[in-house]
Amino acid sequence: MIAMSVFWFFCLGGLGIFFPFYSLYLHENVGLAGWQVGAVLAVPPLIAMLAQPSWGLLADRTGSRARVLVALSWGAAAGYASLSLGVGFVSLLALTALMACFAMPLIPTAISVTFAITHDRGPHAFGVSRMFGTIGFGVVVVAFPLVLDALAAARGMGAVASGPSEPLLPLMFPVTGALLLVAGAIALLLPRSGTMSVRAERGDWRRLLAHPPYVRLLGVALLGYGLLQGPMGIFPLFVRAHGGDLDTVSHLWVLMLALEVPLVALSGASLQRIGARGLLAIGLAAGGVRWTVCGFAPESSWMVPVQLLHGVVVAGLIIGSPLYVEAVVPEELRSTGQNVLAMVGVSLGGLLSNLGSGALYDLAGPDAPYRVGGIGAILATALLPWLLPAPSRAAARER
């Protein structure tokens with residue numbers, strides 16, 4: 001379990017550089033328009049719709065889940081590092097697609113591996129292990145802008161009126177690659193026997209699509225990520241439009257993570273009390289309130305306190321969904337179940353959401369994606385009791 005926790009630290013530590021700042025890099029350092037930023041951000045979920053189920057099936061059919069995790073980590077490391085070669089819209093589309101082949105299946109595969117390792121260690125074990133990923137994300141999202149500022153000062157560089165706010169931001173790519181390289185090395189230490197090596201039979205994946213609770217979860221995930229993911233992807237642009245800079249984005253991420261660490265760590269206890277469906281409802285509601293306030297707030301300062309709700313969204317939607325899958329999917333289909341969930345929610349939902357948010361940003365201003373996403377998520381929360389049944393694994397075990 002220690003190795004898995006360290007893996008999460010470095011894996012999400014890499015995302016602590018890439019995810020908060022990539023859209024800002026595309027807009028300011030490369031000079032892409034809002035619709036182009038949305039298009040580039042839509043490439044990973046588009047690629048993932050093929051890559052995620054493919055890697056999940058490979059892990060379950062071979063039983064080599066730890067080796068698959070190593071391959072994905074090192075492939076993602078190379079992909080992130082290669083983004084530094086992009087010089088324009090077309091090349092960045094291609095390089096982002098290459099990166100996504102490995103990076104997008106990485107997290108759902110890591111989730112399935114964590115469940116396999118912690119399945120007999122009590123309800124808290126998964127959340128505690130995953131918590132170290134949030135800590136790694138927080139450490140890096142704070143440290144990286146400070147390192148860039150120090151390097152810029154040492155080189156006598158600074159932002160100019162007609163240039164990007166952070167000229168050294170391209171360093172994000174090799175640093176992210178290095179962190180994922182370390183994560184892959186840690187994954188070599190993971191166990192490879194027991195539940196980690198359980199194999200699925202040919203065609204077993206069809207059992208998932210015949211199980212109503214799982215199928216309905218996919219619909220809820222598509223709706224939830226479709227409403228909430230796009231505004232998150234362009235959040236740095238939203239902050240810049242309201243007068244913030246790279247340091248503002250970094251500081252807001254610290255606030256976002258303040259509740260995420262304890263809530264993710266306690267997700268097992270929350271699961272026992274309110275169930276996976278209750279976690280999902282809380283996550284959707286929190287995301288709806290957060291984006292609604294951002295979209296309609298009369299002053300930019302209002303966006304600051306509601307970022308605390310990010311941790312509730314993560315514990316509710318991003319952790320609650322995999323916990324629901326774990327409750328309804330047999331262990332030999334664990335990797336496939338998590339990757340198909342990610343394909344439908346994070347990937348397809350994210351694809352539609354990123355495209356829509358980029359278009360709304362250009363057509364109706366920076367507040368529009370947050371108004372649409374926030375109100376939609378609140379309505380989805382109200383409908384959740386009718387959309388999603390309580391989890392049941394019995395039907396998934398039928399052959």
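Laboratory data are not the source of any read-out in this text; all were calculated from the coordinates shown. Since the model is a prediction, treat every value here as computed from it, not as a measurement. Cβ sites come from the backbone with ideal geometry, for glycine too, and all protein chains shown count toward neighbours.
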Where the convex hull is taken over the Cα atoms of the stretch 165-217, what is its projected area averaged over directions, in nm²? 7.7
Whole-Hz couplings from phi, Karplus 6.51/-1.76/1.60, listed for the stretch 17-33; x for Gly and Pro: 8, 6, 5, x, 10, 5, 5, 5, 4, 4, 6, 9, 6, 8, x, 6, 6
I'd like the Karplus ³J(HN,Hα) series for the stretch 340-353: coefficients 6.51, -1.76, 1.60, θ = phi - 60°, whole numbers in Hz, and an x wherever there's a Gly or Pro. 5, 4, 5, 4, 6, x, 4, 8, 5, x, x, 4, 5, 5
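Given that compact globular proteins tend to follow 2.2 N^0.38 Å, what is the ratio of the alpha-carbon Rg of the stretch 346-387 to that value?
Working: Rg = 11.8 Å, N = 42, 2.2 N^0.38 = 9.1 Å.
Normalised Cα radius of gyration, the stretch 346-387: 1.30.
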Is the shape of the stretch 56-147 rounded, prolate or oblate, going by the alpha carbon gyration tensor and its root eigenvalues a ≥ b ≥ c, with a/c under 1.5 for rounded and a/b larger than b/c for prolate? oblate
Go through 278, 138, 253 and say which Cα lies farthest out towards the positive end of the charge dipole of the chain; charges sit on Cβ, +1 for Lys and Arg, -1 for Asp and Glu. 278
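Counting pairs of alpha carbon atoms under 8 Å apart in space and at least six apart in sequence, what relative contact order in percent does the chain give?
29
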Would you work out which of 200, 101, 238 lies farthest towards the positive end of the dipole of the chain? Charges go on Cβ: Lys and Arg +1, Asp and Glu -1. 200
Comparing 12, 93, 351, which has the greatest mean-square fluctuation in the GNM of the chain with Cα pairs linked when under 10 Å apart? 93
Can you tell me the mean projection area, over all orientations, of the convex hull of the stretch 107-241's alpha carbons? Units nm², please. 12.5
What nm distance separates the two modelled labels at residue 150 and residue 245, each placed 7 Å from Cα along Cα→Cβ? 1.9
Pop the C-beta distance of residue 199 and residue 2 into the FRET formula with R0 = 22 Å and round what comes out to the nearest 0.05. 0.25
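Working from the alpha-carbon coordinates of the stretch 35-99, get Rg over Rh, Rh being the Kirkwood radius. Can you show the working numbers first?
Values: Rg = 13.6 Å, Rh = 12.8 Å.
On the Cα set of the stretch 35-99, Rg over Rh gives 1.06.
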Among 99-107, 244-252, 172-180, what's the highest-first ranking by average C-beta atoms within 10 angstrom per residue? 99-107, 172-180, 244-252
Between the stretch 356-391 and the stretch 6-24, what's the alpha-carbon centroid distance in Å? 25
Suppose we keep just the alpha-carbon trace of the chain; what are its Rg and Dmax in angstrom? 19.9, 67
Between the stretch 61-124 and the stretch 172-244, the alpha-carbon center distance in angstrom: 9
Geometric extent, Cα atoms of the stretch 1-111 - Rg, Dmax (angstrom): 14.7, 45
Might you report the magnitude of the Cβ-based charge dipole of the chain about its Cα centre, with Lys and Arg at +1 and Asp and Glu at -1, to the nearest 20 debye? 1220
Of every Cα-Cα pair in the stretch 1-61, the percentage lying beyond 18 Å is 59
Going 7 Å from the Cα of residue 390 along its beta-carbon direction, which residues of the stretch 272-288 have the amide nitrogen within less than 13 Å of the resulting point? 273-278
Residues in the stretch 231-256 that a label on residue 375 would reach, taking backbone N under 19 Å of a point 7 Å out along Cα→Cβ: 231-232
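Once the Cβ-Cβ distance between residue 302 and residue 273 is put in as r, and R0 is 45 Å, what FRET efficiency do you end up with, to the nearest 0.05? Write down the numbers at each step before the final one.
Working: r = 31 Å, r/R0 = 0.69.
The formula returns an efficiency of 0.90 here.
By how many nm would the segment from residue 139 to residue 210 grow when fully extended, if each residue of separation counts as 0.36 nm and the alpha-carbon distance is taken off?
Details: separation 71, 0.36 × 71 = 25.56 nm, distance 4.22 nm.
21.3 nm is the gain from fully extending residue 139 to residue 210.
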